[in-house]
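To start, the structure under review is shown below, and the notes come after it.
The values are calculated or read from the model by the stated rules, or taken from the named source; none is laboratory data. These figures come from a predicted structure and were not determined experimentally. Using ideal geometry, Cβ is built from the backbone for each residue, glycine included, and neighbour counts are taken over all protein chains shown.
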Amino acid sequence: MTVMAYLALGSNMGDREQTLREAIRRLHGRPGIRVVRISHVYETDPVGYVDQAAFLNMVVAVETELSPDQLLEAALSVEKELGRVRTIRWGPRTIDIDLLLYSDDTIQTEQLMIPHPAMTERAFVLIPLRDVWEGRALPVYNQTIDHFLMPMAEDLKGVRKWGTINWEIASGPSGS
Ligand code: X6L
Ligand code: MG
Ligand code: MG
């Protein structure tokens with residue numbers, strides 16, 4: 001059985017675009033994960049811990065046969081492969097891969113919370129998510145993305161369209 005899941009990617013260290021492209025390629029290369037859509041790339045002002053470089057953020061839609069725990073495990077291992085080192089909380093990272101949504105499920109374990117608990121408060125997540133989302137209400141919340149973005153007018157300035165990753169041409173999905 002396959003389900004749709006949505007992952008948020010962020011990078012603010014090293015060659016950010018190359019790291020995002022490599023993360024997509026590696027996720028797609030994992031058994032049981034197929035990347036089916038990717039958002040534009042946005043350059044975003046850091047939030048939470050603001051004294052750090054700007055991020056590139058994007059969202060990828062995947063079809064997966066993996067369970068939520070398996071998908072999390074895959075995401076964390078791709079982070080490790082791409083040099084993620086966890087030092088300062090909310091600090092700089094080569095790559096961060098967060099699970100936003102998994103089918104229409106709600107998951108609350110020690111390891112994993114889906115929907116991602118703060119996704120509806122972060123413009124750097126919602127704006128790219130809107131690129132790959134069909135406009136219907138978000139599961140669990142039963143509200144559209146625009147519903148959450150509307151009162152965030154001020155935050156939108158911190159999220160600027162930066163580019164589009166041509167990952168299929170650059171790195172050859174589908175087993176090539
Ligand atoms: C008050 C307290 C207000 C904490 C906000 C927001 C904390 C976001 C952590 C917060 C608060 C986070 C990224 C980032 C981080 C990213 C951009 C986080 C975790 N990750 N900023 N800050 N993009 N632009 O991917 O999201 S740290
Ligand atoms: Mg994150
Ligand atoms: Mg994370």
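This table checks each residue for (1) in contact (Cβ under 8 Å) with a residue 24 or more places away in the chain; (2) more than 14 Å from ligand 1 (Cβ to nearest atom); (3) under 20 Å from Thr64 (Cα atoms).
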position: Arg86; (1), (2), (3): no, no, no
position: Thr94; (1), (2), (3): yes, no, no
position: Ser103; (1), (2), (3): yes, yes, yes
position: Ile107; (1), (2), (3): yes, yes, yes
position: Gln111; (1), (2), (3): yes, yes, yes
position: Phe124; (1), (2), (3): yes, no, no
position: Thr144; (1), (2), (3): no, yes, no
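Could you please find all residues in the range 57-86 being within 15 Å of ligand 2 (Cβ to nearest atom), farther than 19 Å from Asp15 by Cα and surrounded by fewer than 18 Cβ atoms within 10 Å (Cβ to Cβ)?
Scanning the range 57-86 gives a single hit, Leu76.
Test of understanding: among Ile38, Ile33, Ile24, which residue is buried (at least 20 other Cβ atoms within 10 Å of the Cβ), more than 16 Å from ligand 2 (Cβ to nearest atom) and either more than 14 Å from Val78 (Cα to Cα) or modelled with pLDDT under 95 (or both)?
Residue meeting the stated conditions: Ile38.
How about the range 82-176: which helices (runs of 4 or more DSSP H) wholly inside it have at least 1 residues that are over 22 Å from Arg21 (Cα atoms)?
Counting at least 1 such residues, we get 145-149.
Tell me, which residue of the range 101-121 that is surrounded by fewer than 21 Cβ atoms within 10 Å (Cβ to Cβ) and under 14 Å from the mean Cα position of the chain (by Cα) is nearest to Met150 (Cα to Cα)? Step through it out loud before you land on a result.
Restricting attention to the range 101-121, the residues satisfying the condition of being surrounded by fewer than 21 Cβ atoms within 10 Å (Cβ to Cβ) are 103-113, 115-118, 120-121.
Narrowing the set further to residues that are under 14 Å from the mean Cα position of the chain (by Cα) leaves 115-118, 120.
On the way: Pro115: 20, His116: 20, Pro117: 19, Ala118: 16, Thr120: 11 Å.
My answer is Thr120.
How many residues does the range 134-147 contain that are surrounded by fewer than 20 Cβ atoms within 10 Å (Cβ to Cβ) and either of a type in the set (Asp, Glu) or touching a helix residue (DSSP H, G or I) at 6+ places or on another chain (Cβ under 7 Å) (or both)?
Number satisfying all stated conditions: 3.
Considering only residues of the range 26-83 that are polar (S, T, N, Q) and within 14 Å of ligand 3 (Cβ to nearest atom), which is nearest to the chain's Cα centre (by Cα)?
So, considering only residues that are polar (S, T, N, Q) and within 14 Å of ligand 3 (Cβ to nearest atom), the one nearest to the chain's Cα centre (by Cα) is Asn57.
Between a first residue in the range 35-55 that is within 15 Å of Asp96 (Cα to Cα) and a second residue that is part of a loop (DSSP other than H, G, I, E, B) and small (Gly, Ala, Ser), which pairs have beta carbons less than 8 Å apart while being 6 or more apart in sequence or on different chains?
That search, which allows pairs on different chains as well, returns Glu43/Ala54; Thr44/Ala54; Pro46/Ala53; Pro46/Ala54; Tyr49/Gly91; Gln52/Gly91.
Which residues, taken from the range 62-82, are in contact (Cβ under 8 Å) with a residue 12 or more places away in the chain and more than 16 Å from ligand 1 (Cβ to nearest atom)?
Val62, Glu63, Thr64, Glu65, Leu66, Pro68, Asp69, Gln70, Leu71, Leu72, Ala74, Glu81
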